[in-house]
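Everything on this sheet refers to the single structure shown next.
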Amino acid sequence: MKEHALVGEMSEPGRLILLGAPLGNPADASTRLREVLVAADVVAAEDTRRLSRLARDLDVTIPGRIVSYFEGNEERRTPELVEVLAAGYQVALVTDGGMPSVSDPGYRLVRAALDAGIPVTAAPGPSAVTTALALSGLPCDRFCFEGFLPRSPGARRARLRTLANEERTLVLFEAPHRVAAALADLADAFGADRPAAVCRELTKTYEEVLRRPLGELARWAGEGDPRGEITLVVAGAPATPATRPDDDVLRAAVAEREAAGLTRRDAITEVATTFGLRRREVYAVVHQV
């Protein structure tokens, strides 16, 4: 980092603040994001030109030092920023959209700051992951985020094979020039009928959410030319029904729990939960004459 206007050291270490930036619509920016941009001694940005445009849209002036922090220079710049933080200054980290560290630069700096004993906090904001999940119309109670799939076809297909039986809803990022191939591989690995959604250009002028089976989405992408930032949401695999134990196994399980001190009622309840059965079904088995 070049010499900046910061001089001397303060008595206490500084603080790293992760800023949740709008995905596209500046109106989504929080009041706190504006305040931190104005108050920070240093603002590290994934793209300084996009940060300048955001500042203009928000009608704020950033008085602190603006430095670039992106995939190509984060290894070199991280220790420089940690030095600034250790000297007692406040550093804000902002990416092109969404939260830093979530498939964007940030994790390396967060880890280095924590290892140096420097406080890390966030001014939370928009997230493409949760926005796409909510708009998809797919179950949101349990989900997992897989980030970007591998770029090479072989590695991508291998990854998808490991995810084919995942029962939670999946959220993925994908580049527009690879989305057709990714959807085709998803349909092949998960089945063409698996429900899914393609969320494109979220919160922007040309926002589009397509909710269709994977096979149809693969055809759509193959016939067109999808552009913009894309998030994929895919329904989880159907739960595999558990095999019902024999009646003798259920009776033995209840008896074992009774012998351990549970009442029959509690033993039946626990066995029903363990095997995914209704309590009255286990009760009927235990009380058969």
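Read-outs: derived from the displayed coordinates by stated rules, not from any lab. Everything quoted here is computed from the prediction, not taken from an experiment. Methodologically, a virtual Cβ is constructed for each residue, glycine included, from the backbone with ideal geometry; neighbour enumeration extends over all protein chains shown.
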Can you give the % of DSSP beta bridges in the chain that are antiparallel, to the nearest 5?
-> 45
From phi via Karplus (6.51, -1.76, 1.60), per-residue ³J(HN,Hα) for region 100-105 in Hz, x at Gly/Pro = x, 5, 8, 6, 9, x
What number, in percent, do you get for the relative contact order of the chain if the mean sequence gap of Cα pairs under 8 Å and at least 6 apart is divided by its residue count?
-> 17
Rh by Kirkwood over Cα pairs, then Stokes-Einstein D for region 12-100 at 1.306 mPa s and 10 °C, µm²/s = 122
Could you give the radius of gyration (one decimal) and Dmax (whole number) of the Cα atoms in region 178-282, in Å?
-> 23.5, 66
Net lengthening on full extension, residue 80/residue 275 (0.36 nm per residue, minus Cα-Cα) | 64.7 nm
Built amide H within the under 5 Å cut-off of residue 196, gap 5+ | 212, 214, 235
Summing -39500 (n - 2.57) over every DSSP H run of at least 4 in the chain, dividing by its residue total and rounding to the nearest 500, the 222 nm mean residue ellipticity is -12000 deg cm²/dmol
May I ask you to compute the full-extension gain from residue 216 to residue 32, defined as 0.36 nm times their residue separation minus their alpha-carbon distance, rounded to one decimal in nm?
-> 62.1 nm
Of the DSSP beta bridges with both residues in region 7-161, give the percent that are antiparallel, rounding to the nearest 5.
-> 5
Cβ-Cβ FRET estimate between residue 246 and residue 140, R0 fixed at 51 Å, reported to 0.05 | 0.85
If you place +1 on the Cβ of every Lys and Arg, -1 on the Cβ of every Asp and Glu, and leave all else neutral, what size is the dipole of the chain about its Cα centre, to the nearest 20 Debye?
-> 440
Taking 22-35, 187-200 and ranking on average Cβ neighbours within 10 Å, highest first, one gets 187-200, 22-35
Which value, in debye to the nearest 20, gives the size of the charge dipole of region 28-140 about its Cα centre, when Lys and Arg are +1 and Asp and Glu are -1 at the Cβ?
-> 120
